[in-house]
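Colleague: Have a look at this one.
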Amino acid sequence: MKRVFLIVLDSFGIGEAPDAAEYGDQGSNTLAACFRSGFLEVPNLKKLGLFNIDGVTCGTKESAPTGAFGRCREVSMGKDTTTGHWEIAGLVSQRAMPTYPHGFPEEIIREYERLTGRKVLCNRPYSGTDVIRDYGEQAQKNGGLIVYTSADSVFQVAAHEETVPVEELYRCCRLARKLMTGEHGVGRIIARPFVGEPGSYVRTSNRHDFSLDPPGDTLLDRISAQPGLSMLSVGKIVDIFAGRGVTEAYRTENNAEGIERAVELTRKDFDGLCFVNLVDFDMIYGHRNDAKGYAQALSYFDRQLPRLLEGLGPEDLLMITADHGCDPSTPSTDHSREYVPWLTAGNRVRKGKNLGTLPTFADISATILECFRLPPLAWGKSRLADLLKLSLIHISEPTR
């Protein structure tokens, strides 16, 4: 193959995983919640086979799907962005990253205040929009940092951009990244700048993630190490993998910009992988329990999907998946342990091929690696022979 475009619809789960109860996520189904909202219009995803996937009971099945389809189960210990993306890239997290349901230990907070020279406020699990409403004015008055967490393995730092300039907030987050290691090695330190006045604070697009360095090789490492292959990142992929294995990075502010960058890159002559994250589904709609907004965002992506498909060459593949769920219809505002879709389109794809239920997200990375005749990682099984019309021995070498 020449190019693979891998699109992650952040948090687009399609039904509770077998171990959902262990995470408190019984009954979670992000797709079904969006469908029930009455605002989901995804005819192009339907054509690819979204509603034909095993276990999907909403929507109408396509009589002649134009793509291959299946669902993947997560085996990593966790249900957040880092573990999900790492597993998609072939790295399974066998030990859960630390979480802090009662806030961070006092010794961590005191040391963080010493390192930054700023007072810490909150230090509790909190909604991102609620925390700036409740602590924003105080933070502006004393120049403090609002530190909070969630059910995920995150250390989040919010500050008003006029009180703590964005670059200073990033510096404080880099200090947190150095501090939060070992037993306190959270998946992500997240900068959450905001603006506005008391009672009307809003978060800005200057969010930045400082991720834990992946503890093993990933798909990105394998691709970027191969002469002649490019590893392109769109959105926060570069942050999720701590910059490792990325040859070109295109940062984006929202889904619309991420989709535009991906469409533009279909016109770029390269061999390799374009790995895209569209974060608005999770950040703006899933965590805020906005089923209508989530459904409308999916519908927008669906309307743009033909542009991505039109940009594919004869030796290209487009894959669409997710990293976890975030059901906007449950009382929880946190991620949910769900199956994720795996839709594949392209000239060489066996139309209507049902891949069934796959045991790990890592099958995606194994398949992509085989596209480029690269050695497999420890996790995942390639499904390329099932996906393509012709047997593997007829796959041409990528153009160099």
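The values are calculated or read from the model by the stated rules, or taken from the named source; none is laboratory data. All values derive from a computational prediction rather than experimental measurement. Cβ placement follows ideal geometry from the backbone for every residue including glycine, while neighbour counts extend to all protein chains displayed. Side chains are part of the model used for accessible areas, which takes the heavy atoms of the whole protein and leaves out ligands, DNA and RNA. Shrake-Rupley method; radii C 1.70, N 1.55, O 1.52, S 1.80 Å.
Colleague: For residues that are touching a strand residue (DSSP E or B) at 6+ places or on another chain (Cβ under 6 Å), open to solvent by 20 Å² or more (accessible area, probe 1.4 Å) and either part of a loop (DSSP other than H, G, I, E, B) or under 11 Å from residue 219 (Cα atoms) (or both), tally how many sit in segment 351-379.
Modeller: 1
Colleague: Next question, about the same structure. Would you call residue 60 in contact (Cβ under 8 Å) with a residue 60 or more places away in the chain and either under 30 Å from residue 159 (Cα atoms) or open to solvent by 60 Å² or more (accessible area, probe 1.4 Å) (or both)?
Modeller: Details: in contact (Cβ under 8 Å) with a residue 60 or more places away in the chain: no; either under 30 Å from residue 159 (Cα atoms) or open to solvent by 60 Å² or more (accessible area, probe 1.4 Å) (or both): yes.
Answer is no for this residue.
Colleague: Given 202, 157, 164, which one is open to solvent by less than 10 Å² (accessible area, probe 1.4 Å) and under 23 Å from the mean Cα position of the chain (by Cα)? Write out each step before concluding.
Modeller: Details: 202 fails: open to solvent by less than 10 Å² (accessible area, probe 1.4 Å); 164 fails: under 23 Å from the mean Cα position of the chain (by Cα).
So the residue among 202, 157, 164 that is open to solvent by less than 10 Å² (accessible area, probe 1.4 Å) and under 23 Å from the mean Cα position of the chain (by Cα) is 157.
Residues checked against (1) in contact with a Gly (Cβ under 7 Å, 6 or more places away or on another chain); (2) free of Cβ contacts under 8 Å to residues at least 60 places away in the same chain:
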site: 151; (1), (2): no, no
site: 161; (1), (2): no, yes
site: 172; (1), (2): no, yes
site: 180; (1), (2): no, no
site: 185; (1), (2): no, no
site: 188; (1), (2): no, no
site: 194; (1), (2): yes, no
site: 201; (1), (2): yes, no
site: 206; (1), (2): no, yes
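Colleague: Of the residues in segment 211-227, how many are at pLDDT 95 or above and either open to solvent by 50 Å² or more (accessible area, probe 1.4 Å) or touching a Cys at 6+ places or on another chain (Cβ under 9 Å) (or both)?
Modeller: Of the residues in segment 211-227, 5 are at pLDDT 95 or above and either open to solvent by 50 Å² or more (accessible area, probe 1.4 Å) or touching a Cys at 6+ places or on another chain (Cβ under 9 Å) (or both).
Colleague: Still on this structure: Residues of segment 63-122 being touching a strand residue (DSSP E or B) at 6+ places or on another chain (Cβ under 7 Å), over 18 Å from residue 368 (Cβ atoms), among the hydrophobic types (A, V, I, L, M, F, W, C) and in contact (Cβ under 8 Å) with a residue 40 or more places away in the chain, which ones?
Modeller: 104
Colleague: So, one more: Are any of the residues in segment 380-391 open to solvent by less than 10 Å² (accessible area, probe 1.4 Å), under 26 Å from residue 151 (Cα atoms) and either under 15 Å from the mean Cα position of the chain (by Cα) or in contact (Cβ under 8 Å) with a residue 40 or more places away in the chain (or both)? Outline the logic, then answer.
Modeller: Going through segment 380-391, the residues open to solvent by less than 10 Å² (accessible area, probe 1.4 Å) turn out to be 384, 387-388.
Now narrow it down to the ones that are under 26 Å from residue 151 (Cα atoms): none.
Within segment 380-391 (the criterion being open to solvent by less than 10 Å² (accessible area, probe 1.4 Å), under 26 Å from residue 151 (Cα atoms) and either under 15 Å from the mean Cα position of the chain (by Cα) or in contact (Cβ under 8 Å) with a residue 40 or more places away in the chain (or both)), the answer is no, since none of the residues qualifies.
Colleague: Is it the case that some residue within segment 296-304 is open to solvent by 40 Å² or more (accessible area, probe 1.4 Å) and farther than 28 Å from residue 351 by Cβ?
Modeller: Let us first name the residues in segment 296-304 that are open to solvent by 40 Å² or more (accessible area, probe 1.4 Å), namely 296, 300, 303.
Imposing the further condition that a residue be farther than 28 Å from residue 351 by Cβ reduces the set to 296.
There is at least one residue in segment 296-304 that is open to solvent by 40 Å² or more (accessible area, probe 1.4 Å) and farther than 28 Å from residue 351 by Cβ.
Colleague: Out of all the residues in segment 111-120, is one or more under 19 Å from residue 359 (Cα atoms) and buried (at least 16 other Cβ atoms within 10 Å of the Cβ)? If you could, list the steps in order and put the result at the bottom.
Modeller: In the first step, residues of segment 111-120 are kept if they are under 19 Å from residue 359 (Cα atoms); the result is none.
No, segment 111-120 contains no residue that is under 19 Å from residue 359 (Cα atoms) and buried (at least 16 other Cβ atoms within 10 Å of the Cβ).
Colleague: Within segment 261-284, can one find any residue that is of a type in the set (Ser, Thr, Tyr), over 29 Å from residue 1 (Cβ atoms), surrounded by 18 or more Cβ atoms within 10 Å (Cβ to Cβ) and in contact (Cβ under 8 Å) with a residue 24 or more places away in the chain?
Modeller: Quick first cut of segment 261-284, residues of a type in the set (Ser, Thr, Tyr) only: 266.
With the extra rule that they be over 29 Å from residue 1 (Cβ atoms), the set shrinks to none.
No, segment 261-284 has no match at all.
Colleague: Does segment 29-68 hold any residues that are β-branched (Val, Ile, Thr) and within 22 Å of residue 18 (Cα to Cα), and which are they? Lay out the reasoning, then the answer.
Modeller: Looking only at segment 29-68, we keep the residues that are β-branched (Val, Ile, Thr), and these are 30, 42, 53, 56-57, 60, 66.
Result: 30, 53, 56, 57.
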